[in-house]
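So the structure is just underneath, and the comments pick up after that.
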Amino acid sequence: MKILTGNDLKTGAVTWWDGQDWSLHVEDAVDVGDKAEEIMGREESARRVNVPYAIDAELDGNGKVRPAHIKDRVRALGPTVRPDLTLKPTEPEALNWVI
Amino acid sequence: MYKYDQYDQAMVDARVEEFRDQTRRRLDGSLAEEHFRPLRLMNGLYLQLHAYMLRVAVPYGTLNSDQMHALADIAEKYDRGYGHFTTRQNIQYNWIKLEDAPDILADLAKVEMHAIQTSGNCIRNISSDHFAGAAADELVDPRPYAEILRQWSSFHPEFSYLPRKFKICVIASDTDRAAMRLHDIGIQIVKNDAGELGAAFYVGGGMGRTPIIAPCINEFVPLDQLVTYSEACLRVYNRYGRRDNKYKARIKILVHELGKEEYTRQVEEEFAHMLEQGVEPPLAELERIKTYFQDPDFKTGLTDRADRSDPDFALWIDRNCHKHKAPGYVSATISLKPVGGIPGDASVEQMHLMANLAKEYSFDECRVTHAQNIVLPHVEIGRLHELWTKLEEAGLGTPNLDRIDDIIACPGLDYCSLANARSIPVAQKISERFAANGKADELGQLKLKISGCINACGHHHAGHIGILGVDRKGVENYQLLLGGSEAEDTSLGKITGPGFSEDGIVDAVEKAADVYLAHREDGERFLDTYRRIGMDPFKEALYG
Ligand code: SF4
């Protein structure tokens, strides 16, 4: 599947296109099929996202979206060396999902 | 240390307001990202993996305690409670909001700091010896020369759009503590046979994709021609540097491709031309700058002995303190490398503490080292125990300078958008492994450096042991290098062979260390043994 990611313009936070809006959670990302360029162009002009790009992803064993490349999985969770600063500070096993 | 005059302050303040306006226009949509990006980069603001990252310049690594406090305040107010000290003697914040960036720059300007020229194809922060003005072995304090070059290179219109970024280093001792020959221009202040001071110019060094050790192109440039000669070096580069190919655009490639002789000939020709034009600032300006770097009021009659009855304290003195030029003083290094810690990271509390300690014990000064530690340059030996006790209580008393657990590691894939692999977890695992197996003590000096990609911010080429993270079909993989050095015996490490997994690289480092322990002769460091026995025994142990 193809999903879209970028950063929030004001805060720089990593965001994912959930079909309506930009979510902080990769689990919310939706398959955009061949609509990536169209959505990114529209959303970037509206400044709802900064420097968006499309990436490959798959559904993991639990049916949750998992970006294909480790770089985007690090972006999705946070720095693996500071679990306290990730989006899931109370779930140490989340790091296994990244690596 | 240097204090801004009205021009410095006015320039920095004006830049803050300019960036405030640019940011406002980006946020309201009148500036598109493609136009804003170069503007934010000129102010040290990157977009990294998790947020904006702000890189703040610490000129030649020198800070006073107010500045360190201000850095801590920024970490607390605008970031997530910590900062990361880098191999360029700077500090980076990883969680900056664009809307806060102008306020942060304004806060920095209040303590005579900024983030100008910490990115982009311009002359970057000038680096220097972290023991400058303190080391027993230096000829003079190199920082006035670094400062005059900082002033010359700040907003230099001719050098704001170079083919690539440009890094200058100034030292003034034969012992190189600043990786001088791995800079675009490395300058060593030297004395000639007549006893006059001058500058030896090493041009075209660097790490990155194509590591090269800078050759010396002029052994003695008179100090009243320092800026002119630097300008001539830059001019030739600016004219002929490979703007057509990013990977060949650094000056090292130009010097290498032209050859040292031809490059030097062109520089000398340009230099002769420029001498006629009188671009050199008057010597009086250098003298004015020097007044800011006068020795602090060192006491006399101090004890040169510390009470070594506490073995932990004695160990810390032996490993983390450096000989000072003034009797009764040492330079003390605060390790930011606790076992299993993140190299170079310091919390808000630690930064405030280091600022307080700098004020109390070191004439209001501290330094950032290229090895990502902090130095208190002028500490009375008689007060060392008091200082060490406070550091210990804050987890800052690790006695491991230049040992295998004093690892340089770049932010890597945990933070950096250019990374191929994570650096920090590898550093943590190695430091934990050697703490657990007890071999770190036996190994003595062993400099280990890790980069998360070929850009080599973690100086892997210059590590006695170097590690380079690569991407192997989407999986992190690590190459091992041996035999590098950033010191006066500068050398570039060689890759041992095929790379290793994350856990495999930790085992590989231990195997390499074991080869050294098995082969070393009296007094040899890891690097000496490697140079004597060569790569084969290491390869045999790693892959045999
Ligand atoms: S070496 Fe590469 S991964 Fe490490 S900080 Fe530099 S650019 Fe990023």
Which of the residues belonging to segment B:88-100 are under 25 Å from B:Gly452 (Cβ atoms) and either within 14 Å of chain A (Cβ to nearest Cβ) or open to solvent by less than 20 Å² (accessible area, probe 1.4 Å) (or both)? B:Gln89, B:Asn90, B:Ile91, B:Gln92, B:Tyr93, B:Asn94, B:Trp95, B:Ile96, B:Lys97, B:Leu98
Matching residues, segment B:174-192, being part of a loop (DSSP other than H, G, I, E, B), surrounded by fewer than 24 Cβ atoms within 10 Å (Cβ to Cβ) and touching a strand residue (DSSP E or B) at 6+ places or on another chain (Cβ under 6 Å): B:Asn192
Taking the residues in segment A:83-95 that are open to solvent by 50 Å² or more (accessible area, probe 1.4 Å) and not in a helix (DSSP H, G or I) as candidates, determine which candidate is nearest to the other protein chains (Cβ to nearest Cβ). A:Leu87
Any chance you could count how many residues in segment B:394-417 are facing chain A (nearest Cβ under 10 Å) and not small (Gly, Ala, Ser)? 5
Would you say B:Ile342 is more than 13 Å from every other protein chain (Cβ to nearest Cβ), aliphatic (A, V, I, L, M) and part of a loop (DSSP other than H, G, I, E, B)? no
Give the residue that is farthest from A:Thr86 (Cα to Cα), with candidates limited to residues of segment B:48-70 that are within 14 Å of chain A (Cβ to nearest Cβ) and open to solvent by 10 Å² or more (accessible area, probe 1.4 Å). B:Gln48
Of all residues being within 16 Å of the ligand (Cβ to nearest atom) and of a type in the set (A, V, I, L, M) in segment B:385-419, which is nearest to the chain's Cα centre (by Cα)? Just the residue, please. B:Ile408
The one condition A:Trp16 fails out of (1) open to solvent by less than 50 Å² (accessible area, probe 1.4 Å); (2) within 9 Å of the chain's Cα centre (by Cα); (3) within 12 Å of chain B (Cβ to nearest Cβ) is (3)
May I ask you to list the residues in segment B:283-310 that are open to solvent by 80 Å² or more (accessible area, probe 1.4 Å), farther than 30 Å from B:Ile381 by Cα and charged (D, E, K, R)? B:Glu287
Looking at (1) in contact with a strand residue (DSSP E or B) (Cβ under 6 Å, 6 or more places away or on another chain); (2) open to solvent by 40 Å² or more (accessible area, probe 1.4 Å); (3) within 14 Å of another protein chain (Cβ to nearest Cβ), which is the only condition B:Ser30 fails? (1)
Being at negative phi and either part of a loop (DSSP other than H, G, I, E, B) or open to solvent by 60 Å² or more (accessible area, probe 1.4 Å) (or both) is the filter here; which residues of segment B:266-282 pass it? B:Glu268, B:Glu269, B:His273, B:Leu275, B:Glu276, B:Gln277, B:Val279, B:Glu280, B:Pro281, B:Pro282
For B:Gln117, indicate whether it is within 14 Å of another protein chain (Cβ to nearest Cβ), under 30 Å from A:Tyr53 (Cα atoms) and open to solvent by 10 Å² or more (accessible area, probe 1.4 Å). no
Scan segment B:85-121 for residues that are in contact with a His (Cβ under 8 Å, 6 or more places away or on another chain) and either among the charged types (D, E, K, R) or within 21 Å of B:Ala179 (Cβ to Cβ) (or both) and jot them down. B:Thr87, B:Arg88, B:Gln89, B:Ile91, B:Gln92
Quick check: anything in segment B:328-336 in a loop (DSSP other than H, G, I, E, B) and within 16 Å of the ligand (Cβ to nearest atom)? no
Identify, from the list B:Val255, B:Val227, the residue that is more than 17 Å from B:Pro215 (Cβ to Cβ), in a helix (DSSP H, G or I) and either in the same structural domain as B:Arg150 (by TED's automatic domain parsing) or not aliphatic (A, V, I, L, M) (or both). B:Val227
Inside segment B:465-508, the number of residues satisfying the requirement of being among the hydroxyl-bearing types (Ser, Thr, Tyr) and free of Cβ contacts under 8 Å to residues at least 40 places away in the same chain is 1
Just checking, does segment A:34-42 include any residue being at the interface with another protein chain (Cβ under 10 Å from one of its Cβ atoms), closer than 25 Å to B:Tyr46 by Cβ and out of contact with any His (no Cβ under 6 Å at 6 or more places or on another chain)? no
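The values are calculated or read from the model by the stated rules, or taken from the named source; none is laboratory data. Being a predicted model, the structure only gives us computed values, none of them experimental. As a convention, Cβ positions derive from the backbone with ideal geometry for all residues, glycine included, and neighbour counts pool all protein chains shown. Only protein heavy atoms, including side chains, enter the accessible area calculation; ligands, DNA and RNA are left aside. Shrake-Rupley method; radii C 1.70, N 1.55, O 1.52, S 1.80 Å.
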